[in-house]
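Chemist: This is the structure, below, for whatever I ask next.
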Amino acid sequence: MRIRSMLPVLALVGLMTSCGQNTNATPETTQPTTTAAASGSITVFAAASLKGTFTTIGSQFEAANPGATVTFNFGGSSSLATQITQGAPADVFASASNKTMETVTTAKLAADPSVFAVNSLEIATPTTQSIPVTSLADLATPGIKVAVCQIDVPCGATALALFEKNKVTVTPTSQEPDVKAVMSKVTLGEVDAGIVYVTDVQAAKGSVTGVEIPADQNVTTKYPIATVLTTKQPATATAFVQYLLSPAGQKVMREAGFAAP
Amino acid sequence: MSRRHRTTTQPPWPVAVPAVLALLFLGLPLLALLIRAPWGQLLSVLTSPTSLDALRLSIITATAATVISVIVGVPLAWLLARAIFPGRRFARALVTVPLVLPPVVGGIALLLAFGRRGIVGQYLDQWFGITLPFTTAGVVIAEAFVAMPFLIITVEGALRGLDGRFEDAAATLGASRLTVFRRITLPLIAPSLVAGAVLTFARALGEFGATITFAGNLPGVTQTLPLAVYIGLEGDPSEAIALSLVLLAFSIAVLVLLRDRWLRTGTPT
């Protein structure tokens, strides 16, 4: 009876020691930063606007590095940055603005980010418009419903910069937590217009109608990427960043409508 | 009332260890919230315009959702408990769906029903010029959708457990059905009705997924406390923590209000 009653505790102790072994084992897997033979699984925290491209690049990276697996956590850049500074197990962070990346570098959790893409804004409208939108100025029409990202995420800050640059007064109907949430409100026709990225309109493949903003009016945002310094898979994390910056990774970004850094 | 079970003074430790782990697991996060709370600047954070707007909006919408739930939920609970009609089992199952449905799915369903292009919403817009998403009314609808089942199920349970003889006696003495309901049934189920309403209010107050999906996020219009917490985490985490404390305080208040129902052990009500 005594011995049997100890079993759960033994199991618990076993679990704890095996966890310990895992952390001890990681330095051995560290390899020189060549593109060859990255292995192990990494988690990439990436801005919501990177969902399509990074999913593609992730499977290409896995195909090029058998033994490596990449999982993604897509979301608003600033909430991802908060998650990382609160200790979320991220290996790589790709943000939609330098400002949100700074949150992580200031916390000494990442260093020397590389800019891998540039994005600009576009107006997304439902395929059947109830209020016609042909230019930025139309967003000031009384009664129009406009969705933007909330001010703390990059697409919201960039949208505000866009309005200020062109001196249009827009009263948003909703400040969504990330750019994909803005897109869904436009796709469902709940709003008359949404401020999103050029790449989101392209990725939507006709489920929204894009209204382009001329380059002289438009505002851009830079996308930096960095490995998270607490990563247990530094080799694989670095290899992923290098793959993204390589011609193969950049080709995916260009095809999706991102501009070169 | 005599105690039926003698309390064991020395629990065997294979039971005690996991039990303490479970207790720690449930308690630690709440303790962390209290430890990391910005106590020094709590007052200034909580009296900021964003916080006050969210607090005011949350109380108004949760109250409205509770009132609506009582007005239409009590009659439905009565029907489910007492009336015999085709599809009663189906109706009861339908009522419990929002309880287990992920709220964000509820939000999408509400958009498809009451959104501007929704199956009902398009006519509301065309005929009356009413659009519900992104309005305070939309918040109330999202909250009522998620919270009303709590009221219906609590009240229905009370009605089923009721001793029918009191109502029969009143009826034989000549009371009309409405009088019986008002003078006998309602007072008898009053404690359950209050408990159900408090639960509904608490659930409505904490509603997040359906609200942000159906009503969006706009300070002062649709940004309730949970939304302010979520959005605050992206900008100013200390504000998010302070607002979380407010919600925690509300939750504890609900527990205190319902303590007789849940915290008294051994005596089923």
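Chemist: Which percent, nearest 5, of DSSP beta bridges in the protein assembly as shown are antiparallel?
Modeler: Values: 19 of 35 bridges.
Bridges in the protein assembly as shown that DSSP calls antiparallel: roughly 55 percent.
Chemist: In chain A, what % of DSSP beta bridges are antiparallel (nearest 5)? Please list the in-between numbers first.
Modeler: Details: 19 of 35 bridges.
Around 55 percent antiparallel, to the nearest 5.
Chemist: Can you compute the charge dipole magnitude of chain A about its Cα centre, using +1 on each Lys and Arg Cβ and -1 on each Asp and Glu Cβ, nothing else charged? Give it in debye, rounded to the nearest 20.
Modeler: That gives a dipole near 660 debye.
Chemist: Under the rule that an exposed site lies in a DSSP loop and has at most 13 other Cβ atoms within 10 Å, name the longest stretch of chain A with no trypsin sites (Lys or Arg not before Pro) of that kind, not counting the sites themselves.
Modeler: A:1-107
Chemist: Determine, for B:L21, B:L199, the number of other Cβ atoms within 10 Å of each Cβ, and report the residues in order from fewest to most.
Modeler: With the sparsest Cβ surroundings first, the list reads B:L21, B:L199.
Chemist: Using only the Cα atoms of the range A:119-220, build the gyration tensor, take square roots of its eigenvalues as a ≥ b ≥ c, and label the shape rounded, prolate or oblate: rounded if a/c is under 1.5, else prolate if a/b is larger than b/c, else oblate.
Modeler: Judged from the Cα gyration tensor, the range A:119-220 comes out rounded (a/c under 1.5).
Chemist: Using the crude model of +1 on Lys and Arg Cβ and -1 on Asp and Glu Cβ, and no other charge, please compute the dipole size for chain B relative to its Cα centre, in debye to 20.
Modeler: Taking the Cα centre of chain B as origin, the dipole is about 1120 debye.
Chemist: What are the DSSP H helices in chain B that stretch 20 Å or more along their long axis, judged by alpha-carbon atoms, and whose average Kyte-Doolittle hydropathy comes to at least 0.5?
Modeler: B:13-36, B:49-82, B:136-160, B:186-205, B:237-257
Chemist: Within 10 Å of each Cβ of B:111-118, how many other protein chain Cβ atoms are there on average?
Modeler: For this peptide, the per-residue mean of nearby foreign Cβ atoms is 3.
Chemist: Within a 10 angstrom radius of each residue's Cβ in B:214-221, how many Cβ atoms of other chains show up on average? Whole number is fine.
Modeler: 4
Chemist: Taking neighbour counts of Cβ atoms within 10 Å as a proxy for exposure, in what order, fewest first, do B:W39, B:W127, B:W13 appear?
Modeler: Listing B:W39, B:W127, B:W13 from fewest to most nearby Cβ atoms yields B:W127, B:W39, B:W13.
Chemist: What is the protein assembly as shown by shape, rounded, prolate or oblate, if you read a ≥ b ≥ c off the alpha carbon gyration tensor as root eigenvalues and call it rounded for a/c under 1.5, prolate for a/b larger than b/c, and oblate otherwise?
Modeler: Numbers: a/c = 2.31, a/b = 1.31, b/c = 1.76.
It is oblate, given that a/c is not under 1.5 and a/b is not larger than b/c.
Chemist: Relative contact order for the range A:119-220: what percent, with Cα pairs under 8 Å and sequence separation of 6 or more?
Modeler: 47 percent
Chemist: Using a Förster radius of 41 Å, what is the FRET efficiency between B:V120 and B:V194 based on their Cβ-Cβ separation? Nearest 0.05, please.
Modeler: Once the sixth-power term is evaluated, E becomes 0.80.
Chemist: Dipole magnitude of the range B:118-269 about its Cα centre, charges +1 at Lys/Arg Cβ and -1 at Asp/Glu Cβ only, in debye to the nearest 20?
Modeler: The dipole magnitude comes to about 700 debye.
Chemist: Using the charge dipole of the protein assembly as shown (Lys, Arg: +1 at Cβ; Asp, Glu: -1 at Cβ; taken about the Cα centre), state which of B:L188, A:T169, B:P18 has its Cα farthest towards the positive end.
Modeler: Highest projection toward the positive end goes to B:L188.
Chemist: Take peptide B:232-243, look around each residue's Cβ out to 10 angstrom, count Cβ atoms belonging to other protein chains, and average those counts.
Modeler: 3
Coordinate-derived values only; no laboratory data. Bear in mind that the values here come from a model prediction, so they are computed numbers and not experimental data. Please note: Cβ atoms are built from the backbone with ideal geometry, for glycine as well, and neighbour counts cover all protein chains shown.
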